[in-house]
1. Of everything in segment 54-76 that's aliphatic (A, V, I, L, M) and within 15 Å of the chain's Cα centre (by Cα), which residue is farthest from His35 (Cα to Cα)?
2. Can you tell me which residue in segment 10-50 is least open to solvent (accessible area, probe 1.4 Å), limited to those that are over 18 Å from Gly88 (Cβ atoms) and of a type in the set (Phe, Trp, Tyr)?
Amino acid sequence: MSVLNKITEDIMIFAILLMDCPGTADLRVQVRPEHRAYLATKSEQMAFAGPLMSDDGKTVVGSLLAIDFPDRAAVEAWLKDEPFTKAGVYEKPVIHTFTNMWAQKAGFPPA
């Protein structure tokens, strides 16, 4: 077994699609500092995270997160306490396991 295979077999990345409920833009701005602090608790397990934008590139419509969790139950437990979830910003999440099969070359500017 290669070192890469050993490393990746111990990681389970979950891609989490979180669309905003209509009319929650102001609430999102208000709760954002708590949201960012909560995301920081997973910074060592985070593959990527950021807002989803409308075609105008200015309007936030949701979030996309990719985070290492031991299992789906852990994702759901973490999301239950997520500030945007608790405040009612997000609709029901869509959660899938994710395997990156392509070396990242473009698309992620420095955070």
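1. Ala74
2. Phe14
The values are calculated or read from the model by the stated rules, or taken from the named source; none is laboratory data. For clarity, every value in this text was computed on a predicted model and none was experimentally measured. When we count neighbours, we look across all protein chains shown, and the Cβ atoms used for this are built from the backbone with ideal geometry, even at glycine. When the accessible area is computed, the model is the full protein with side chains, heavy atoms only, and any ligands, DNA or RNA have been set aside. Shrake-Rupley method; radii C 1.70, N 1.55, O 1.52, S 1.80 Å.
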